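Some notes on the structure that comes next.
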Amino acid sequence: MVDSLVSAVTAIGLETVGNLVWLIFGACLAGLVRGFSGFGTAMVYLPFAASVMPPVWAVTSLVVMDFIAPLMIAHRTARDSDLGDVVRLGVGCLAGLPLGVTILMIFSADAFRYAVSALSILLLVLLWSGLRFRGNLTRPMVYGTGALSGVLGGAVGIPGPPVIFLYLASSLPASAIRANNFLFLLLADALLLTVLFIQGMLFWAPLLIGICMTVPYLAFILIGAAMFNPAKEKSYRHVAYAIIAASALKGLPDFAA
């Protein structure tokens, strides 16, 4: 394990203080957004992580960080959620994950970073457009959304956009949307870790990085959760969108230079 930690330090340049501060800043910012909006961790954190780590390592560190910290406060959110929908999303996600992980294995570092940024920006454009889903969320629709989330989660570490769009574009109460997104993302992380383990793609170094990032991430989740007020739900969305947009733009070629 000591050798793995040394490898992790070397891989992300922890000997360069700027890289360490950069990664911690990304984890803190992601935690803040996740705490008050219930989503956005991957879209904020991955552009930071992908700039200092290989794609598989970035995704692994994200999944570990994003699983351990929210697990500690999940019980506060479960009472507002529709657990049936969360389970159906999870079943669909599990079906799509193997294809996504296969795509992740062939991504170059630049292609991965650009895909993360492009996907994040696409989601923001769709949400800002005011497009809204009207009608009931049928079970086939929920399963299908979960499957698409699994593909995206495995490929670029971002399972959230399809589910986020489905729920934020619906007429469900803000508390239910936040709870469903929160619990689904937690479940998706557990499933992705399982698939990575089965495919022999889990390594000590990125696991340790993710564990280390859990502390600042959890601290800022708690800060964000304390800030959340359903009466100001629109304001929180706009703040979350702005932070995600800034992170995504940083991962694009002209901005990353």
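The values are calculated or read from the model by the stated rules, or taken from the named source; none is laboratory data. Owing to the predicted nature of the structure, the values given are computational and were not obtained by experimental measurement. Here the Cβ positions follow ideal geometry from the backbone for every residue, glycine too, while neighbour counts run over all protein chains shown. SASA here: full protein model, heavy atoms, side chains in, ligands and nucleic acids out. Shrake-Rupley method; radii C 1.70, N 1.55, O 1.52, S 1.80 Å.
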Shape of region 136-243 from its Cα gyration tensor (a ≥ b ≥ c, root eigenvalues): rounded if a/c is under 1.5, otherwise prolate when a/b > b/c, or oblate?
-> oblate
Using a 1.4 angstrom probe on heavy atoms only, work out the carbon and sulfur share of the accessible area of region 29-89 in %.
-> 65
Using only the alpha carbons, work out the radius of gyration and Dmax of region 182-251 in angstrom.
-> 15.7, 46
The answer for region 62-108, accessible area per residue at 1.4 Å probe in Å², is 48
What percentages, rounded to whole numbers, describe P(r) for region 42-112 computed over all alpha carbon pairs with 5 Å bin width beginning at zero?
-> 3, 13, 17, 21, 20, 14, 9, 3, 0
Ranking LEU83, GLY35, PRO173 by how far each Cα lies towards the positive end of the charge dipole of region 31-188 (+1 on Lys and Arg Cβ, -1 on Asp and Glu Cβ), the top one is PRO173
For 55-63, 90-98, ranked highest to lowest by mean beta-carbon neighbours within 10 Å, the order is 55-63, 90-98
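Based on the mean of other Cβ atoms within 10 Å per residue, sort peptides 222-229, 208-215 so the most packed one is first.
208-215, 222-229
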With θ set to phi - 60° and the Karplus curve 6.51 cos²θ - 1.76 cosθ + 1.60, what are the ³J(HN,Hα) couplings of region 183-197 in order, to the nearest whole Hz, using x for Gly and Pro?
-> 6, 5, 5, 5, 5, 4, 4, 4, 5, 5, 4, 5, 5, 4, 5
Which loop-located trypsin sites (Lys or Arg not before Pro) does region 95-185 contain, where loop means any DSSP state but H, G, I, E or B and the Cβ has at most 12 other Cβ atoms within 10 Å?
-> ARG132, ARG134
